[in-house]
Amino acid sequence: MTRKITLAALAPALLLGGCVSFGGDAPDSLLTLTPSATAPAGVGAQGAQGSALAIVPFEATKALDVTRVPVQVTDTELAYLQDAVWVDRPARLFGQLVAETIRSRSGRVVVDGDDPGVNATDRLHGSLRSFGYDARSREAVVIFDAVRNGDGSAVVSRRFEARVAVAEPEAGFVGPALNRAANQVAGEVAEWIG
């Protein structure tokens, strides 16, 4: 009797299984960012809590807060590059890239993620202003506004920008160009952090 009741309860769910679709076709490939400098495995960093750097999750404009690659067509028109999809939102990927670049170049304790945890005195915030392809100049463009606390109660900000020429407006060309531009900006941020 219990078995019949269980099967009867599951029947509607089984029937709906053929009608429900969870998303469209998966893309042929996904884009990601690869750091040009990485900390070697087995090497750690140690320091006082005050010398650690916390990377606060970066913000992004609404146009960038998606997994698609924006194309600036005119000053007021934006489209998305066909067949170009990120594995995660660009602000998150870029934050991980910046953290790894600073970690590998400085030897500092760098804490990143949704909850930086450690009450580090030094904190890096930021906002991606551009992270896509500019059809007018045929360039991959990365613009990042960084903000960190300075000495005492001071706050310091700086804008970073990198542009890399793109041969064709296709995912296979734009993705690597964005990776190079993002690594250039991450390197400049690491130098600025010191």
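The values are calculated or read from the model by the stated rules, or taken from the named source; none is laboratory data. Since the structure is predicted, the reported quantities are computational estimates derived from the model, not experimental observations. Every residue, glycine among them, receives a Cβ derived from its backbone with ideal geometry; neighbour counts consider all protein chains shown. Just so you know, the surface numbers come from the protein's heavy atoms only, side chains and all, with ligands and any DNA or RNA stripped out. Shrake-Rupley method; radii C 1.70, N 1.55, O 1.52, S 1.80 Å.
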Legend entry - Fully extended contour minus Cα-Cα distance, from S29 to T61, at 0.36 nm per residue: 9.1 nm
Inset, instruction - Mind ranking S36, S104, S127 by accessible surface for me, highest first, 1.4 Å probe? - result: S36, S104, S127
Inset, instruction - Return an integer: the convex hull volume of the alpha-carbon atoms of the range 141-194, in Å³ per residue. - result: 56
Legend entry - Selection of GluC sites (Glu not before Pro), the range 101-194, meeting DSSP coil and at most 14 other Cβ within 10 Å: E170
Inset, instruction - Please calculate the 1.4 Å probe accessible area of R105, with all protein chains present, and give it to the nearest 10 Å². - result: 130
Inset, instruction - Using R₀ = 25 Å, calculate the FRET efficiency as 1/(1 + (r/R₀)^6) where r is the Cβ-Cβ separation of A165 and D145; round to 0.05. - result: 0.60
Inset, instruction - At 1.4 Å probe size, with every protein chain present, just tell me what the per residue accessible area of the range 70-194 comes to in Å². - result: 48
Inset, instruction - Starting from the residue with the highest accessible area, list R123, R108, R136 in decreasing order, probe 1.4 Å. - result: R136, R123, R108
